[in-house]
Amino acid sequence: MDEISDKRTYKDFKGITFSKYKKNAVKKELLNSLIHETIEPACYWSAEFICAGHYLELWEIIIAFMCQHIHLGNPKLPLYIRLRYDNFKAIISAGYKDNELQLRNNKKIRILFAEIISIISLSQKKIRLHAIKVNKKDFIMSQLSDKLKADNIEYATTVFRRKDPKELFIAINEFGYHLNSNDMRSACYWLEWLLAFNTLCKKGNPNAYKAARRTNMPVEAKYQTDMIWIVWELLFANARKKKLTIMSILEALLSLFCIRYQTGVKKRRRFVIYYAIMLTMEPYNETIPIYTQTDKIENIKQKINIIYRQIKKNEIKPDTDYLFNNSITGKTNIEKTIHKLDKMNTLTGFIPRQ
């Protein structure tokens, strides 16, 4: 049997994965496996996150790796990842809300992540993107003047609204100018400047420099005044101006950027925006398929339970009181409910037709 039966709660996995490895160490091993295209180890390390209920952390790793290491090597990959995240949410809605640890025994979840990890592992890797550094002196206006290159103020006016902080206008205009002139490094610099400026201002006042509310952004209302949405509006405006055929990919990236959004997310997911910037500037091969090695991917999916059988060896078995408190199978009422709902909400094939 490969079903995990462990008495620990989600709180017991704070800072560790299922087999008591440190999360940072497992993340490092997972990234290393993805880089070197060793699919089985990558599936093992991802399963360590899954069995401990660390789904958000795993999604963060998947999204960041796609944007930082693959980007134009598989340009339509964000469309696929968004689709899989929607599948993930649908499974949770079918009875697992507030009981996400039980997802580790769901066949669809195991197959879903096995497929994602396989496709990411097999995707062509490009030059790794690195964060552009901003010096503290760059917030002194006399020092910053040398970096101002925009020839007019029209680059920001298309998206800047009356209630947007005027202190951000110059940086937004510079960002727009470099988007228009296809200077990725400079555009990323001004993105980082905005992120750093926002952090500095928030230290004294968490409500400082709120932007105009942008109700078109798919986040909770309390986060729709975040200044980062000005950046996203400018990215979409620039793509439309250039008549680029990337709108669906940009929309997928925005959707992934907004997953369980909080104010601290924007720095952690900076490479999603880096990738979006790159899409508006650099040509890419639209014929690159999301995946090609179907047989290899299917083989991994079919054998994924072998990995969970291995991880199961590290479980801490629950007390045997359930033999007297519940049925002979030891299944709780919620597990029975989930099983029934799962049958009612069966999802079809995981790999889309191309």
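The values are calculated or read from the model by the stated rules, or taken from the named source; none is laboratory data. This structure is a prediction, so every number in the text was calculated from the model and none was measured. Glycine gets a Cβ as well: all are built from the backbone with ideal geometry, and neighbour counts include every protein chain shown.
Side notes on the structure shown:
Here's the yes/no breakdown for (1) crowded, with 18+ Cβ neighbours inside 10 Å; (2) under 21 Å from Ile304 (Cβ atoms); (3) not assigned by TED's automatic domain parsing to the domain that holds Phe257:
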site: Asn24; (1), (2), (3): no, no, yes
site: Lys27; (1), (2), (3): yes, yes, yes
site: Asn32; (1), (2), (3): no, yes, yes
site: Ala47; (1), (2), (3): yes, yes, yes
site: Glu57; (1), (2), (3): no, yes, yes
site: Leu77; (1), (2), (3): yes, yes, yes
site: Ile92; (1), (2), (3): no, yes, yes
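- In summary, Glu154 fulfils each of the numbered conditions (1) of a type in the set (Asp, Glu); (2) farther than 30 Å from Lys20 by Cα; (3) not assigned by TED's automatic domain parsing to the domain that holds Phe257 with the single exception of condition (3).
- Whenever a residue of the stretch 280-303 is at negative phi, its partners that are of a type in the set (Ser, Thr, Tyr), lying with C-beta atoms within less than 6 angstrom and at least six residues away or across chains, give the pairs Ile290/Tyr80; Ile297/Ser118; Ile300/Ser118.
- Condition met for Phe113 (in contact with a helix residue (DSSP H, G or I) (Cβ under 9 Å, 6 or more places away or on another chain), in the same structural domain as Lys241 (by TED's automatic domain parsing) and either surrounded by 13 or more Cβ atoms within 10 Å (Cβ to Cβ) or on the phi < 0 side of the Ramachandran plot (or both)): no
- Members of the stretch 9-51 found to be under 21 Å from Asn106 (Cβ atoms) and in contact with a Pro (Cβ under 9 Å, 6 or more places away or on another chain), listed by number: Leu30
- Residue match in the stretch 183-191 (condition: charged (D, E, K, R), loosely packed, with under 14 Cβ neighbours inside 10 Å and either touching a residue at least 60 places away in the same chain (Cβ under 8 Å) or part of a loop (DSSP other than H, G, I, E, B) (or both)): no
- Taking the stretch 192-215 as the range and being assigned to a helix (DSSP H, G or I), surrounded by fewer than 18 Cβ atoms within 10 Å (Cβ to Cβ) and free of Cβ contacts under 8 Å to residues at least 40 places away in the same chain as the test, the residues that pass are Cys201, Lys203, Gly204.
- Within the stretch 111-168, tally of residues that are more than 24 Å from the chain's Cα centre (by Cα), free of Cβ contacts under 8 Å to residues at least 24 places away in the same chain and assigned to a loop (DSSP other than H, G, I, E, B): 4
- In the stretch 59-69 there is no residue matching the filter, namely being surrounded by fewer than 21 Cβ atoms within 10 Å (Cβ to Cβ), more than 21 Å from Thr17 (Cα to Cα), charged (D, E, K, R) and at pLDDT 95 or above.
- Filtering the stretch 234-255 for residues that are among the hydroxyl-bearing types (Ser, Thr, Tyr), without any contact (Cβ under 8 Å) to a residue 40 or more places away in the chain and either in contact with a helix residue (DSSP H, G or I) (Cβ under 6 Å, 6 or more places away or on another chain) or closer than 22 Å to Lys147 by Cα (or both) leaves an empty set.
- Selection within the stretch 182-233 - within 15 Å of Lys147 (Cβ to Cβ) and within 20 Å of the chain's Cα centre (by Cα): Cys188, Leu191, Glu192
- Residues being surrounded by 24 or more Cβ atoms within 10 Å (Cβ to Cβ) and either polar (S, T, N, Q) or in contact with a strand residue (DSSP E or B) (Cβ under 9 Å, 6 or more places away or on another chain) (or both) - total across the stretch 35-45: 0
- Among residues of the stretch 254-278, those that are under 23 Å from Asn205 (Cβ atoms) and aliphatic (A, V, I, L, M), counted: 1
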